[in-house]
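Report on the following structure.
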Amino acid sequence: MELNQLTIHELQEKIKNGQTSATQVIESVFNRIDVVEERVHSYIRLMKDEALAAAKKADEDIKKGDIKPLTGIPVALKDIVCTKSITTTCGSHILHNFVPPYDATVVEKLRDAGAVFVGKANMDEFAMGSSTETSCFGVTRNPWDLTRIPGGSSGGSATAVAADECIASIGSDTGGSIRQPAALCGVVGLKPTYGRVSRFGLIAFASSLDQIGPFTKDVEDCAIMMNVLAGYDPRESTSVQTEVPDYRQFVGKGIAGWKIGIPKEYFIEGIDPEVAAAIKKAIAVIEKCGGQCVDISLPHTEYCLAVYYIIAPAEASSNLARYDGVKYGYRTSEARDLLDMYKKTRTQGFGTEVKRRIMIGTYALSSGYYDAYYKKASQVRALIKHDFAEALKKCDVILTPTTPTPAFKIGEKTDNPLQMYLSDLFTISSNLAGIPGISVPCGFTAAGLPVGMQFLAGHFEEGKLIQIASAYEKNANIEKRRPQL
Ligand code: GLN
């Protein structure tokens with residue numbers, strides 16, 4: 001196996017034993033990028049010079065015996081987290097020239113842990129989308145089938161891990177943007193509890209739903225990344241001050257006697273038969289591990305999409321008001337006066353999906369409609385949260401498919417936003433409730449497309465997710481395949 005194909009924990013062993021160096025690891029990653037990146041397009045920007053310098057520094061540290069949790073590990077960053085002095089675009093023309101004056105907290109934490117940044121990963125514009133087709137820098141392709149989408153909005157972060165163009169990566173998840181692309185690309189993706197990971201320096205889409213989380217090649221790596229990412233940040237007012245466990249202790253622990261909630265509302269007609277079959281097989285593995293399945297109900301599930309598509313656009317319309325040509329990024333060169341400058345900057349700077357969301361959100365928040373839409377949606381959101389609280393009294397974790405279908409064709413849903421929105425049918429509810437969720441690979445379709453299974457748990461119970469996902473991973477004997485590129 002090549003170095004770029006290994007996991008964090010495998011590389012850590014080799015680095016500790018002196019079998020390899022950080023420089024050799026990053027070189028193998030860039031060799032891979034040279035071969036596949038043109039076809040996959042995981043990255044908006046590569047950071048080769050910075051990465052080589054960071055790897056050299058890591059090798060000096062290693063020589064001194066100073067080895068931190070991610071020393072020499074190549075990590076990709078979704079282009080939504082601010083990187084000091086390095087362009088951060090959010091996949092949008094309106095930020096194509098934006099150079100942040102500071103690092104996001106997660107960037108600081110990863111760097112302090114010894115990570116080597118490979119580049120900024122492609123994404124749907126402002127994280128609005130499920131296919132990484134709305135980036136102004138072009139589409140990202142699924143490494144398992146280059147005619148298909150990788151999922152979104154963190155598509156580039158998912159493909160970079162799946163195609164071995166990095167070892168782990170960072171994404172953000174507002175309604176499924178880590179878990180859905182993880183499922184469609186055959187990697188592990190975790191959305192932490194709201195408040196678990198600092199959002200400082202994360203460009204805001206919908207502030208009450210956004211969370212940052214990792215993409216990794218296996219569950220142990222997910223635990224290693226969470227150890228670095230999680231924790232209180234005084235610079236972020238919704239970050240929660242509660243103890244962070246060592247997530248690695250949950251790996252390999254087993255789940256004998258656990259109750260696994262199977263929500264009837266998530267096993268509906270319309271799920272792709274091959275996805276349904278893969279999940280059925282996975283449930284049998286969970287039972288073999290000692291998990292006991294119990295039927296549960298999340299009665300307000302049918303309202304999740306509608307509630308999300310009021311609340312997320314409402315918050316987005318407010319968050320995106322700051323892009324007016326004055327303070328950040330792009331400004332039109334053709335303005336007659338101030339108002340005309342605002343209008344033209346936003347007309348030219350934003351893409352169609354972002355404009356659609358701003359208009360929906362502005363409408364939902366307008367004085368005549370606020371009670372009918374935003375207020376009503378917030379009330380139903382409370383009911384959805386209550387559903388989970390009740391259901392989680394009856395079980396330790398909840399099991400669902402991550403997505404209703406495997407990866408679809410590029411262009412297949414671009415003209416039909418409502419069809420596109422259905423991709424997140426199973427992931428959106430946990431953002432509304434603020435609870436954590438993980439997607440783990442659970443097999444392939446006959447055509448060789450990955451399928452993902454999702455586990456959900458109560459607030460701050462990421463440890464449980466890692467425990468069950470690792471038990472599943474160990475016992476499932478999923479064939480080890482790599483995309484043929
Ligand atoms: N696909 C969903 C949307 O378009 C979720 C995106 C996300 O999680 N960032 O809003």
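Of all the criteria given as (1) more than 15 Å from the ligand (Cβ to nearest atom); (2) open to solvent by 10 Å² or more (accessible area, probe 1.4 Å); (3) of a type outside the set (Asp, Glu); (4) not in a helix (DSSP H, G or I), the one not satisfied by residue 204 is (1). Among the residues making up region 422-455, those that are open to solvent by 20 Å² or more (accessible area, probe 1.4 Å) and within 16 Å of the ligand (Cβ to nearest atom) are 422, 425. Scanning region 412-433 for residues that are acidic (Asp, Glu) and touching a Gly at 6+ places or on another chain (Cβ under 9 Å) gives a single hit, 424. For region 309-343, the set of residues classified as among the basic types (Lys, Arg) and in contact with a helix residue (DSSP H, G or I) (Cβ under 8 Å, 6 or more places away or on another chain) consists of 331 only. State yes or no: is residue 471 surrounded by 18 or more Cβ atoms within 10 Å (Cβ to Cβ), in contact with a strand residue (DSSP E or B) (Cβ under 6 Å, 6 or more places away or on another chain) and in contact (Cβ under 8 Å) with a residue 60 or more places away in the chain? Judged against the criteria, residue 471 is not a match. Residues of region 81-135 that are in contact with a Leu (Cβ under 8 Å, 6 or more places away or on another chain) and in a helix (DSSP H, G or I): 106, 107, 109, 110, 126.
Listed conditions (1) open to solvent by 20 Å² or more (accessible area, probe 1.4 Å); (2) assigned to a loop (DSSP other than H, G, I, E, B); (3) of a type outside the set (A, V, I, L, M) are all met by residue 325, apart from (1). On the stretch given as region 141-161, residues that are farther than 8 Å from residue 184 by Cβ and within 12 Å of the ligand (Cβ to nearest atom) total 5. Taking each residue of region 417-442 that is under 14 Å from residue 181 (Cβ atoms) and among the small types (Gly, Ala, Ser) and looking for partners that are open to solvent by less than 10 Å² (accessible area, probe 1.4 Å) and more than 14 Å from the ligand (Cβ to nearest atom) with beta-carbon atoms closer than 6 Å, six or more apart or interchain, yields 437/456; 439/452. When restricted to residues that are more than 20 Å from residue 332 (Cβ to Cβ) and either assigned to a helix (DSSP H, G or I) or within 16 Å of the ligand (Cβ to nearest atom) (or both), region 343-373 contains 12. Hey, residue 252 hits all of (1) small (Gly, Ala, Ser); (2) in a helix (DSSP H, G or I); (3) within 24 Å of residue 5 (Cα to Cα) but one; which does it fall short on? The single condition residue 252 does not satisfy is (2). Out of 220, 236, one residue alone is open to solvent by 10 Å² or more (accessible area, probe 1.4 Å), among the acidic types (Asp, Glu) and assigned to a loop (DSSP other than H, G, I, E, B). It is 236.
Being charged (D, E, K, R) and open to solvent by less than 50 Å² (accessible area, probe 1.4 Å) is the filter here, so list the residues in region 279-316 that pass it.
Within region 279-316, just 315 meets the criteria.
Sub-7 Å Cβ pairs linking a first residue in region 5-27 that is more than 22 Å from residue 215 (Cα to Cα) to a second residue that is among the β-branched types (Val, Ile, Thr) and part of a loop (DSSP other than H, G, I, E, B), at least 6 apart or interchain, are 16/67, ordered by first then second residue. For region 347-376, a tally of residues being of a type in the set (Val, Ile, Thr) and surrounded by 14 or more Cβ atoms within 10 Å (Cβ to Cβ) returns 4. Selection of region 393-434 for residues being of a type in the set (Val, Ile, Thr) and in contact with a strand residue (DSSP E or B) (Cβ under 6 Å, 6 or more places away or on another chain) yields 397, 398, 400, 402.
Yes/no per residue for (1) aliphatic (A, V, I, L, M); (2) crowded, with 17+ Cβ neighbours inside 10 Å; (3) within 19 Å of residue 157 (Cα to Cα); (4) more than 22 Å from the chain's Cα centre (by Cα):
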residue: 10; (1), (2), (3), (4): no, yes, no, yes
residue: 35; (1), (2), (3), (4): yes, no, yes, yes
residue: 41; (1), (2), (3), (4): no, yes, yes, no
residue: 44; (1), (2), (3), (4): yes, yes, yes, no
residue: 60; (1), (2), (3), (4): no, no, no, yes
residue: 64; (1), (2), (3), (4): no, no, no, yes
residue: 73; (1), (2), (3), (4): yes, yes, yes, no
residue: 86; (1), (2), (3), (4): yes, yes, yes, no
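Taken as a whole, the structure places residue 137 among residues that are open to solvent by 10 Å² or more (accessible area, probe 1.4 Å), modelled with pLDDT of 95 or more, away from the ligand (no atom under 12 Å from the Cβ) and closer than 23 Å to residue 417 by Cα. Condition first: in contact with a His (Cβ under 8 Å, 6 or more places away or on another chain) and over 19 Å from residue 73 (Cβ atoms). Can you find one or more residues in region 196-215 that meet it? Checking region 196-215: not a single residue is in contact with a His (Cβ under 8 Å, 6 or more places away or on another chain) and over 19 Å from residue 73 (Cβ atoms). Considering only residues in region 189-201 that are over 16 Å from residue 320 (Cα atoms) and in contact with a Phe, Trp or Tyr (Cβ under 7 Å, 6 or more places away or on another chain), the one that is surrounded by the most Cβ atoms within 10 Å (Cβ to Cβ) turns out to be 189. Is at least one residue of region 1-8 modelled with pLDDT under 95 and assigned to a loop (DSSP other than H, G, I, E, B)? The answer is yes; a qualifying residue exists.
Among the residues of region 120-134, is there at least one that is open to solvent by 10 Å² or more (accessible area, probe 1.4 Å), within 9 Å of the ligand (Cβ to nearest atom), closer than 22 Å to residue 201 by Cβ and in contact with a helix residue (DSSP H, G or I) (Cβ under 9 Å, 6 or more places away or on another chain)? Yes: one or more hits.
The values are calculated or read from the model by the stated rules, or taken from the named source; none is laboratory data. It should be emphasised that the depicted structure is a prediction, and the values quoted were computed from it without experimental measurement. Because the Cβ atoms are built from the backbone with ideal geometry, glycine has one as well, and the counts that use them run over all protein chains shown. These accessible areas exclude ligands, DNA and RNA; they are computed on the full protein's heavy atoms, side chains included. Shrake-Rupley method; radii C 1.70, N 1.55, O 1.52, S 1.80 Å.
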